[in-house]
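The values are calculated or read from the model by the stated rules, or taken from the named source; none is laboratory data. Just so you know, these numbers come straight off a predicted model, no measurement behind them. Virtual Cβ from ideal backbone geometry, glycine too; neighbours counted across all protein chains shown. SASA here: full protein model, heavy atoms, side chains in, ligands and nucleic acids out. Shrake-Rupley method; radii C 1.70, N 1.55, O 1.52, S 1.80 Å.
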Amino acid sequence: MTSDPTTGPDVGTDLDLPVSTRVVFGRGTLDRLGRLAAPLGGHALLVCGRSAMRRHGYLDRAVAALTAAGVAVTVFDRASANPRSDEIDEAVALARSNSCDLVVGLGGGSAIDAAKAVAVTAGADTVRDLIGLTLPVSGAALPIVAVPTTSGSGSEVTKGAIVTDVVRNFKSGIRGDDVAPRIAVVDPDLTEPLPTALAVESGFDALAHAVEGAVAVRATEQSRAYSRRALTLIRDNFPRIAGGTADPQVREDMALAALLGGVNVATVSTCLPHRLQQAMGAVPRIEVSHGQGLALLYPAWLRSAYPHAQDAFDAVADALGHRDVGRAVQSVIETGGLGGTLADRGFTGRDIDTFVAGISGNLDNDPHPAVDTDLARNLYQDSLG
């Protein structure tokens, strides 16, 4: 059974989406994990964070579902909020020593990115050799099943994994077809225990994907339709998330918005804010989540980019219920308590050179026609306050 993602899914159905990942969406689908994963491998390395998945019972449920389907499980539960190269290499060694032939990522975007990085490092000496590269298809990569527990990153369907090389202090993506999960199990119920702050940061990440999927150079009629649907879902549900009053339907709507944003990342990619935020990882003394970092950078970027794609940005504003895109996004930032400047987070002018030196990835997808180091420097300076 398939469902039209622009009108909303039936519970527990396969969604018809323009990505290579099979997406199974619906409440309670975590318990189908074993049956879905079993055709891909017999021994799974399950990658998750240090405590939340165990505390909420999701790790036990995932292991039970896998073992009931005949899949052996080895758990790596030391993935950080921003995946680190040393952790990935440790997980790869664990997978090799246990002859794992499948990787399951359970958690937020970082846990899923960690799982994806482990899967493609199976045939390499260290993940550090892959960071910043687009990889060719390799028979050595392990299949991936992604089970998101936040609604934001869309990592369950994208072809990238963001990892920090802790030797070089270099944060960038590993990209390629092998990085895309074979299956995504999207169970909106898994977002229920999310702390409000994390739910809000994830929600802004979903909004950024929707905005950029509408205004990017490579945007298409389809990506703009997905963006509009995601933006209206965020408009209607983000205040409930921020107020801590989300009900099951709100969680389902936000999960769908995040998924559609992820599809846009997979098909048309992102714009300059994502490159700028990733480069902030080059200053390890300050830990800022991806969603919060984007919120700090977005006002300056919107002011800079708007003149170069006015119609597309006006359509974004309209979907959010405003006439001005800057005010529309600022309203979301204020509703979520995500406002402030880079200086408020402890960054200084001395960090800007480090940020600029750490920028990597695609720079020609932004609506601004002249993305260069001067523009990046100016946007960081503007965001510093």
Answer residue from segment 46-98, given it is within 20 Å of Leu36 (Cα to Cα) and hydroxyl-bearing (Ser, Thr, Tyr) and is farthest from the chain's Cα centre (by Cα) among those: Thr67
Among residues of segment 245-288, those that are touching a residue at least 24 places away in the same chain (Cβ under 8 Å), among the β-branched types (Val, Ile, Thr) and more than 27 Å from Pro18 (Cα to Cα), counted: 3
Filter result (surrounded by fewer than 24 Cβ atoms within 10 Å (Cβ to Cβ) and within 25 Å of Pro284 (Cα to Cα)) within segment 132-158: Gly132, Leu133, Thr134
Members of segment 303-331 found to be assigned to a loop (DSSP other than H, G, I, E, B) and under 16 Å from Arg218 (Cα atoms), listed by number: Ala309
Hits in segment 31-65 (condition: within 16 Å of Ala184 (Cβ to Cβ), open to solvent by less than 10 Å² (accessible area, probe 1.4 Å) and outside any loop (DSSP other than H, G, I, E, B)): Leu33, Gly34, Ala37, Ala44, Leu46, Val47, Ala62
In segment 69-82, residue surrounded by the fewest Cβ atoms within 10 Å (Cβ to Cβ) [restricted to those that are in contact with an Asp or Glu (Cβ under 9 Å, 6 or more places away or on another chain) and either β-branched (Val, Ile, Thr) or at pLDDT 95 or above (or both)]: Arg78
Residues of segment 178-234 satisfying the condition of being surrounded by 24 or more Cβ atoms within 10 Å (Cβ to Cβ), outside any helix (DSSP H, G or I) and small (Gly, Ala, Ser): Ala184, Ala216
So Leu94, is it open to solvent by 30 Å² or more (accessible area, probe 1.4 Å), hydrophobic (A, V, I, L, M, F, W, C) and not in a loop (DSSP other than H, G, I, E, B): yes
